[in-house]
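What follows is one structure encoded as structure tokens, with my remarks underneath.
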Amino acid sequence: MKVFSGWRRYLFCLPILIFFLHIISVFELQQNPASHKLQPKHKKFDHLVLGPSAGEGLRDRLQCRGTKALSETNFSTSSRRYNFGDNVAFVTVFATYKSVVDEQKDLTTVGDITYTKVERSMAVLNVFINFIQITMPQSEVIILSDPSSELMVRRDRVIVHPIPGEYSRDKLMLQRIRSYIAFLRSRLQEHSEKNRRLHHYIFTDSDIAVVDNLGNIFDDFTNFDVALTFRNNKQQPLNSGFIAVKGTIEGITRAKVFLQEVLQVYTSRYMKASRMLGDQLALAWVVKSHPSFDAGRFTRKEPFLDKIGGTLVLFLPCLSYNWTPPEGAGQFRGMPLDVKIVHFKGSRKRLMLESWNYLNSSSSSQIPDMLCLILKSGRTKYDF
């Protein structure tokens, strides 16, 4: 009975003890709230963190000593000898979103410059243009934008082309396809009114760096209407950040019809993913739903052709035409020597700006050396 009586006293006191512990914890939280904040799962750096370069010892991968390239890339050996690109135009959709909160917070410093969110977006757009003007100086850059944004970009061979639409964050990927279709429609109308020389078009995200001349796509692969980039990914085998269109009336017409089908699938099947990935899911659905299409070819690295509906589609490997610096572990066995586009998607925008600063910092810096910087920065957790 005495033992039972002792347990009863303990059970009676337990709620009182818990109450006082709660009071103490609340007091500590009020005194030092920062100590109770959730710590981020991964620390993000406000500078590049260099590590070992992946792909060491592999013949078809970039070899580096520090940030000095030991092997020649395609840009080193070929692009300076040819002047491709005078009949190629790059087309991108661009929108900025400004708020008082954004202006007061989220300041980012890269090098000696501190950016607001809007200034950061404009810096990325300008670096996108910079790389094109180095590797393909004869090419035009066409920016599709909301007419109400009054986007001002005063650069040689850069054109702002207003296209009405809904450019909100939630609908931007959907609007991008609509803008592409509207732009192609306007090109067809111009070509029917004037007997002018046709341009090929490369539709891209604005967070890419063109590091080799892409004009030879249209010379080496003469028989296609649309070119897409693929990767070995079952859910998202196609990346919508690169779409090339052959600059013939037939090519532009078929590209417009193809994108209209993608838009229809997008709006009927993937509106829940309208903010991100919906366009890529719709693109993959249109391609993979074709009865004769063999999705097993996405596991290989070679370009291939297939007819999707009435459109002849050229599939190019992301490994060369849409290479992304990986975040964290796993760098896809290094960087191919024939890489032509580096895609700084997601939180890699700092790396894009840092890469341009590095290339522009010294006359001795070359694109292959800059690629070593990118490769060795593959494990950085970037801050935007």
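Of note:
- Dimensions (Å) - the range 204-311, Cα atoms, principal axes, largest first: 39, 30, 27
- Contour minus Cα-Cα distance for ASP106 and LYS345 (0.36 nm per residue): 84.2 nm
- Ranked packing of 153-165, 113-125, 335-347, most packed first, by mean Cβ within 10 Å: 335-347, 113-125, 153-165
- The per residue volume of the convex hull around the alpha-carbon atoms of the range 64-376 is 148 Å³.
- Estimated FRET transfer efficiency (PHE304, LEU58; beta-carbon r; R0 22 Å; 0.05): 0.40
- Amide H contacts of PHE384 (H built 1.01 Å from N, in plane; Pro and chain starts excluded): LYS349, ARG350 sit under 5 Å, all sequence-distant by 5 or more or on other chains.
- Kirkwood hydrodynamic radius (C-alpha pairs) into Stokes-Einstein, the range 241-384, 37 °C and 0.692 mPa s, D in µm²/s: 187
Just so you know, all these numbers are worked out from the coordinates, no wet-lab data involved. Worth saying up front: this structure is predicted, and the values here are computed from it rather than measured. Don't worry about glycine lacking a Cβ; one is built from the backbone with ideal geometry, like all the others, and counts go over all protein chains shown.
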